[in-house]
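S.K.: Below are the structure tokens for one structure; questions will follow.
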Amino acid sequence: MKINQVAAQLYSVRDYLKTPADIKKSLRRVRKIGYESVQLSGLGPIEDAELVKILNGEGLNACSSHEPSAEILNEPQRVVEKLKALGVPSVAYPYPAGVEMGTLAQVKSFARALNKAGEVFHKNKIIFAYHNHNNEFMRIGDKAILDIIYEQTDPKFVQAEIDTYWVQAGGADPVAWCAKMKKRLPLLHIKDYGVNAERQGVFKEIGYGNLNFPAIISTAEKSGCKWFIVEQDSTWMKDDPFKSLQASFNYIQEHLVKA
């Protein structure tokens, strides 16, 4: 992994992205930390052209985006046009909001919808990936829902954006999942997993939790991963998401990137 393959997921700083002025100020802070790329998410209202201008002005590349789940499934061509306007080469389905996945038939139906949307993105040369949480590790019979989703979708149309924290929270192994998604893992969400005094799982800065990131990164690279995207949903260092992004970047630079 090289440092220019490390991106910041903007959802981490969503509370500082309410207006175009906020977005410009926050992207400047993200670039100052050292990130050269970002994944778009959590932004307030802003015109595509203005966002592109801000990104270019701050020397940032938008490597990917999270777009609303319903729009991806129901209006994929509309999402395609937005991504083309922004110059973004990949998109991830963020969360199965309102999707019933309690039975095998429901999961297969959901997978068909993902596949159908993914075919639209593929035709437009945009990579489409699925972002997991822990709920996809519920089992139907002898398989986790996430296994079924990937078995029921075409790798050409539906790639993976494995989230290391949520894999661990689901009781699975992030290293094993990076290996399982060989040639299907263009994007990786890297989040560390810690435990608080109440014995609950908490988000931690990279290197401040318990995940084996040298093994995760090495395995992800062997699976073809191109973008390693830092995200921290909450429990930020000193309640400041920028400090968390800084701490994660420093650890990555010192311990995980190739010289």
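S.K.: Of the residues in the range 78-120, how many are in contact (Cβ under 8 Å) with a residue 12 or more places away in the chain and under 17 Å from LEU40 (Cα atoms)?
M.R.: Of the residues in that region, 16 qualify.
S.K.: If you go through the range 201-259, how many residues are free of Cβ contacts under 8 Å to residues at least 24 places away in the same chain, assigned to a helix (DSSP H, G or I) and out of contact with any Phe, Trp or Tyr (no Cβ under 9 Å at 6 or more places or on another chain)?
M.R.: Final tally of qualifying residues: 5.
S.K.: Just to verify a result, which residue in the range 20-34, among those that are more than 15 Å from GLN246 (Cβ to Cβ) and in contact (Cβ under 8 Å) with a residue 12 or more places away in the chain, is surrounded by the most Cβ atoms within 10 Å (Cβ to Cβ)?
M.R.: So, considering only residues that are more than 15 Å from GLN246 (Cβ to Cβ) and in contact (Cβ under 8 Å) with a residue 12 or more places away in the chain, the one surrounded by the most Cβ atoms within 10 Å (Cβ to Cβ) is ILE23.
Residue by residue, here is whether (1) within 20 Å of the chain's Cα centre (by Cα); (2) buried (at least 17 other Cβ atoms within 10 Å of the Cβ); (3) hydroxyl-bearing (Ser, Thr, Tyr) holds:
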| position | (1), (2), (3) |
| --- | --- |
| LEU43 | yes, yes, no |
| GLU50 | no, no, no |
| GLU67 | yes, yes, no |
| ALA70 | yes, no, no |
| ASN74 | no, no, no |
| LEU83 | yes, yes, no |
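S.K.: What's the number of the condition GLN39 fails, among (1) in contact (Cβ under 8 Å) with a residue 60 or more places away in the chain; (2) assigned to a helix (DSSP H, G or I); (3) of a type in the set (S, T, N, Q)?
M.R.: Tallying (1) in contact (Cβ under 8 Å) with a residue 60 or more places away in the chain; (2) assigned to a helix (DSSP H, G or I); (3) of a type in the set (S, T, N, Q), GLN39 fails exactly one: (2).
S.K.: Here is a further query. For the range 132-165, what are the residues that are part of a helix (DSSP H, G or I), within 17 Å of the chain's Cα centre (by Cα) and either of a type in the set (D, E, K, R) or within 18 Å of TRP227 (Cα to Cα) (or both)?
M.R.: Scanning the range 132-165 gives GLU136, THR164, TYR165.
S.K.: Separate question: Is there any pair with a first residue in the range 43-65 that is outside any strand (DSSP E or B) and a second that is among the polar types (S, T, N, Q) and surrounded by 12 or more Cβ atoms within 10 Å (Cβ to Cβ) whose Cβ atoms are under 9 Å apart and which are 6 or more apart or on different chains, and what are they?
M.R.: Here the result reads GLY44/THR19; PRO45/THR19; ILE46/THR19; LEU55/ASN61; LEU60/SER37, each pair linking the range 43-65 to a residue that is among the polar types (S, T, N, Q) and surrounded by 12 or more Cβ atoms within 10 Å (Cβ to Cβ).
S.K.: Restricting to the range 95-153, and then to whatever is hydrophobic (A, V, I, L, M, F, W, C), within 17 Å of SER69 (Cα to Cα) and out of contact with any strand residue (DSSP E or B) (no Cβ under 9 Å at 6 or more places or on another chain), can you tell me which residue is surrounded by the fewest Cβ atoms within 10 Å (Cβ to Cβ)?
M.R.: Of everything passing the filter in the range 95-153, ALA97 is surrounded by the fewest Cβ atoms within 10 Å (Cβ to Cβ).
S.K.: So, in the range 2-27, of the ones that are outside any helix (DSSP H, G or I) and touching a Leu at 6+ places or on another chain (Cβ under 6 Å), which residue ends up nearest to SER248 (Cα to Cα)?
M.R.: Applying the first criterion (outside any helix (DSSP H, G or I)) to the range 2-27 yields 2, 6-9, 17-19.
Subset that is touching a Leu at 6+ places or on another chain (Cβ under 6 Å): 8, 17.
Working: ALA8: 10, LEU17: 20 Å.
Result: ALA8.
S.K.: Among the residues of the range 127-142, is any out of contact with any Gly (no Cβ under 7 Å at 6 or more places or on another chain), over 19 Å from GLY87 (Cα atoms) and among the hydrophobic types (A, V, I, L, M, F, W, C)?
M.R.: So far as the range 127-142 goes, yes, one or more of its residues are out of contact with any Gly (no Cβ under 7 Å at 6 or more places or on another chain), over 19 Å from GLY87 (Cα atoms) and among the hydrophobic types (A, V, I, L, M, F, W, C).
Here, each number is a calculation from the coordinates, and none is a lab measurement. These numbers were taken from a predicted model, which means no experiment stands behind them. Neighbour counts run over all protein chains shown; Cβ positions are idealised from the backbone, glycine included.
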